[in-house]
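This report concerns only the one structure given below.
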Amino acid sequence: MSIFDLDIIKAELEGKENAKKLLLKAEEKKIINLNIWVDNKTLLVADAYVVYHNTSRGPAKGGIRIDKNVTLEETTDLAERMTLKTALTGIPFGGGKTGIRLDSLKLDSYMKKEIMKELVHIIRGDLASGYYIPAPDMGTGPKEMASIYGELHIPECVTGKPIGIGGLPGRREATGRSVSFSAAYGAKKLLKKDIKGLKVAVQGFGNVGSWTAYFLHEMGAKVVAVSDVNGGLYNAKGIDINKLMAYVDKNRFVKGFDGDSITNEELLEVEADILIPAACENVITSKNAAKVKARLLVEGANGPTSQEADEIFENRGVEVIPDFLANAGGVIASYIEWKSAKSGSLTSAQEVFEFIDRTIEKSFTKLLLLAKDRKLTNKEAGLVLAVKEVTSAMENRGWI
Ligand code: NAD
């Protein structure tokens, strides 16, 4: 189901039928066969999807995901969330996404480079014209973005590039920065508690999860549980995140680090004040939402909580900070990278972090005010604010 099919959006767009029609349908969905030569005898053909959901507010912005479970529906949902994210945070981009259906754990960097080159061959026009600006997502990182840049030589055509070839200091940490800032700000405003000493569980120790844990650890929170695709760790005394990051750099997974082994399912139910799913979607559903002990849930991943789970949380008084606010740091930093590439200016990581914190605080404050005023959940309030922005852009452009 499209996120734009939710009752709150239908009610908000009452009398604006054309806005509803456009938001429910992505502008463009490309279904692609990527043909990649593994060696001089073997041809690999992979399904790929490129979705541009809405570009009324600016170019389609959204990461490239390589994962064995990618589908057209998932890619569309992720593109929709990009439309919401950019609108809620006031970043002048629209929503897009690319999904490539391959097991990224089985690909080396040479293969990923070949995949990126092939993708560029197919959507070159969209990239060169600035209509679509990709970035990293699950299974891709700065190296893959460098491959895209290498095919086009247009610095602003892609973000999340490595430092030294137009990459932005602080981009790597940016999503974790906004997730951790949202957790701390949410703890202060919604739980009326300082983040220092609060117990946090983080699912996923990739780009988003590891930097979220890093910043929260720096703020004095106690990260008691972490996990990755191979399972998790629990340590009631708190995990030393700096040491764990060094360990994962060497050993790839969190398994074997100091702490008790737990499963990914157990991680979601540990004793913690804050739970941060930062791995993949739909991990919290009607099956386990009632067992979550945390009072604050911060969506680090895109779409980790199902609609039924949201309803259970609302009834139980568990506060949820939606993905399209909490994990917007990546796209906020991408905007600075894109702007710097166009102007040739340089920015420090500290400036990037400060811009992310300010942008999240501003959007979060608006969201909380509306939620209070209209007795909405945080997610509903965020949806209403974002949809208003996109509808107004579509009106201004004469689309509706
Ligand atoms: P990543 O590939 O760097 O890391 C993913 C992590 O999740 C890894 O630790 C992996 O082992 C773990 N994982 C994968 N499948 C799992 C499973 N079934 N159970 C538990 N753990 C699992 O990806 P990422 O960039 O950190 O992205 C994570 C989430 O955040 C995704 O939903 C992505 O769309 C979202 N996101 C990423 C960014 C970004 O800038 N990277 C920005 C916004 C949102």
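The values are calculated or read from the model by the stated rules, or taken from the named source; none is laboratory data. Predicted model only: the values in this text are computed from it and were never measured. Reconstructed Cβ throughout: ideal geometry from the backbone, glycine too, with neighbour counts over all protein chains shown.
The lone criterion from (1) hydrophobic (A, V, I, L, M, F, W, C); (2) more than 10 Å from the ligand (Cβ to nearest atom); (3) more than 30 Å from Ile262 (Cβ to Cβ) left unmet by Ala135 is number (2). Residues that are under 15 Å from Ala386 (Cβ atoms) and exposed (fewer than 13 other Cβ atoms within 10 Å of the Cβ) within region 11-40 comprise just one, Ala11. Residue count for region 328-377, restricted to those that are of a type in the set (Asp, Glu) and within 16 Å of the ligand (Cβ to nearest atom): 1. The residues listed here are Ala183, Ala135, Ala146, Ala174; of these, the one that is surrounded by fewer than 24 Cβ atoms within 10 Å (Cβ to Cβ), of a type in the set (A, V, I, L, M, F, W, C) and either touching a helix residue (DSSP H, G or I) at 6+ places or on another chain (Cβ under 7 Å) or without any contact (Cβ under 8 Å) to a residue 60 or more places away in the chain (or both) is Ala146. Each residue in region 346-400 was checked for being among the aliphatic types (A, V, I, L, M), in a loop (DSSP other than H, G, I, E, B) and either closer than 22 Å to Glu299 by Cα or free of Cβ contacts under 8 Å to residues at least 60 places away in the same chain (or both), and 2 of them qualify. Tallying residues that are surrounded by fewer than 14 Cβ atoms within 10 Å (Cβ to Cβ), away from the ligand (no atom under 16 Å from the Cβ) and not charged (D, E, K, R) within region 254-306 yields 2.
When region 186-228 is examined, which residues are found to be more than 16 Å from the ligand (Cβ to nearest atom) and among the small types (Gly, Ala, Ser)? Residues satisfying the conditions are Gly186, Ala187, Gly197, Gly220, Ala221. Looking across region 315-331, the residues that are touching a residue at least 40 places away in the same chain (Cβ under 8 Å) and in contact with a Lys or Arg (Cβ under 9 Å, 6 or more places away or on another chain) come down to Glu319, Val320, Ile321, Pro322, Asp323, Phe324, Leu325, Asn327, Ala328, Gly329, Gly330, Val331. Listed here are the helices (runs of 4 or more DSSP H) enclosed by region 204-300 that have at least 2 residues being outside the structural domain of Asn69 (by TED's automatic domain parsing), modelled with pLDDT of 95 or more and under 18 Å from the mean Cα position of the chain (by Cα): 207-219.
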